[in-house]
Amino acid sequence: MGVLLVPVVLGPPARSQPDPQDAAALAALGAALEDGDSGRLLDGACERVELSLFGQGARYSRGQAALVLRDFFRRFPPMRVQLSEPSVVDDGRAAMGRYWTDEGNPLGIYIRLEREGDDWLLAVLRVDRPALYRVNGR
C-alpha cells in the first residue's frame, strides 16, 4: 500500500478582492466630490459619518456633515478628483486620492466605505494637505 503525499502551502488567509460594485460605489463618491455636491455625496452615507478636514473633525450626522461639506466646497471648489483603485480594509473598502482646487496644489483625500446590507455606504472622508506641503509649512 502506497502513501500519497500532498504538498500544502501555508500562508496568510486570502483576502477578498474588491469587486466591480466596490469600484462603482467609490466612483460615484468621486464624481459627487468633483461636482462639489454634498447632498449626493451623503445620499449613500452611514447614519454617522466621520469627517476630517485638515486634521480637524468628528463623527457627524448626515445633516451636520452636509453643512460642513457645503462650507468646505465653498472655500475649496473642486476642479478635479482622482481616486485610487479600491482596496480591502478590514470589512470595508477604501481609496485614497487627490482633490484639486483652483489653488493648484492637490489635497489628499481618503474615503472608507462600510457594507450595510447589499450597499456600500460612506463611513469616513478625510481631506488634508499632502505631507510634503505640511512639512514645508504650506
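The values are calculated or read from the model by the stated rules, or taken from the named source; none is laboratory data. Small disclaimer: the values here were computed from a predicted structure and weren't measured. Cβ atoms come from the backbone with ideal geometry, glycine included; neighbour counts cover every protein chain shown. For accessibility, only protein heavy atoms count, side chains too; no ligands or nucleic acids. Shrake-Rupley method; radii C 1.70, N 1.55, O 1.52, S 1.80 Å.
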Looking at segment 125-138, which of the residues that are open to solvent by less than 50 Å² (accessible area, probe 1.4 Å) and modelled with pLDDT under 90 is farthest from the chain's Cα centre (by Cα)? TYR133
State all residues of segment 32-56 that are in a helix (DSSP H, G or I) and aliphatic (A, V, I, L, M); if no residue qualifies, say none. ALA32, LEU33, LEU41, LEU42
What are the pairs, 6+ residues apart or on separate chains, where a residue within segment 111-125 that is without any contact (Cβ under 8 Å) to a residue 12 or more places away in the chain has its Cβ under 9 Å from a residue that is polar (S, T, N, Q) and open to solvent by 80 Å² or more (accessible area, probe 1.4 Å)? ASP118/GLN21
Taking only segment 71-114 into account, find how many residues are over 19 Å from GLN56 (Cα atoms) and of a type in the set (A, V, I, L, M). 8
In segment 32-49, how many residues are closer than 12 Å to ILE111 by Cβ and open to solvent by 20 Å² or more (accessible area, probe 1.4 Å)? 1
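Conditions tested, residue by residue: (1) more than 21 Å from ALA24 (Cβ to Cβ); (2) open to solvent by 50 Å² or more (accessible area, probe 1.4 Å); (3) hydroxyl-bearing (Ser, Thr, Tyr).
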position: LEU51; (1), (2), (3): yes, no, no
position: PHE54; (1), (2), (3): yes, yes, no
position: PRO78; (1), (2), (3): no, no, no
position: ARG93; (1), (2), (3): no, no, no
position: ARG98; (1), (2), (3): no, yes, no
position: ASN105; (1), (2), (3): yes, yes, no
position: ILE111; (1), (2), (3): no, no, no
position: ALA123; (1), (2), (3): no, no, no
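Name the residue that is most open to solvent (accessible area, probe 1.4 Å), counting only residues in segment 57-76 that are part of a strand (DSSP E or B) and modelled with pLDDT of 95 or more.
ARG59
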